[in-house]
Structure formats: structure tokens, C-alpha cells
1. Within region 37-51, track down each residue that is under 16 Å from residue 10 (Cβ atoms) and out of contact with any Gly (no Cβ under 9 Å at 6 or more places or on another chain).
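The values are calculated or read from the model by the stated rules, or taken from the named source; none is laboratory data. Computed from a prediction, not measured in an experiment: that's the story for all the values here. Every residue, glycine among them, receives a Cβ derived from its backbone with ideal geometry; neighbour counts consider all protein chains shown.
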Amino acid sequence: MAYELRDNSGSLFKNERKETESQPGYTGTVMVNGKEMRLAAWVKEGKRGKFFSLKFDEPREQNAATRQPVKQIDLDDEIPW
């Protein structure tokens, strides 16, 4: 059975591909009011200790099937000038 997001919940995972400090330490997805969002989290140090700083974003395109097709041109067409 595949994992299914439920409203007002989500999952967060350690970012194994983190290469720089500006990249989030944790990433995941959440469902808020029926809309799926990406979640990024950074571990920060504050006056009262460590905490998570969070950012929500619109989801990215997942695969090539959802991208707009590139307009193909026929090189055998006559040039109009």
C-alpha cells in the first residue's frame, strides 16, 4: 500500500544530498487544506537552543511527462523569404 498524504499532515526526511549550508537539512511534503506543498527545514541555533526553521513551497514538476512539449520544426519546410 502506497503512502497517502492526509490533510494537515506530512512527512519530513533527512536531506542525504545536502552539499552546502544554504540547502535544507530536511525535506518532505505536507498537505494543507487539500493542497500538497513541499516542506524544507534547517536546524538553527538560537538563544534557547536548537530549533527548526521551515519553508513551504509549491511542488516542483515530478517528471518529463508533465512538462510542456518543445515545438518541433521540420527542417525540410521551405523558408518563406
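1. Residues of region 37-51 under 16 Å from residue 10 (Cβ atoms): 37-41.
None; the set is empty.
So that you can scan it fast, the table gives a plain yes or no per residue for (1) of a type outside the set (D, E, K, R); (2) over 15 Å from the mean Cα position of the chain (by Cα); (3) modelled with pLDDT under 90:
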{"site": "2", "(1), (2), (3)": "yes, yes, yes"}
{"site": "19", "(1), (2), (3)": "no, yes, no"}
{"site": "29", "(1), (2), (3)": "yes, no, no"}
{"site": "35", "(1), (2), (3)": "no, no, no"}
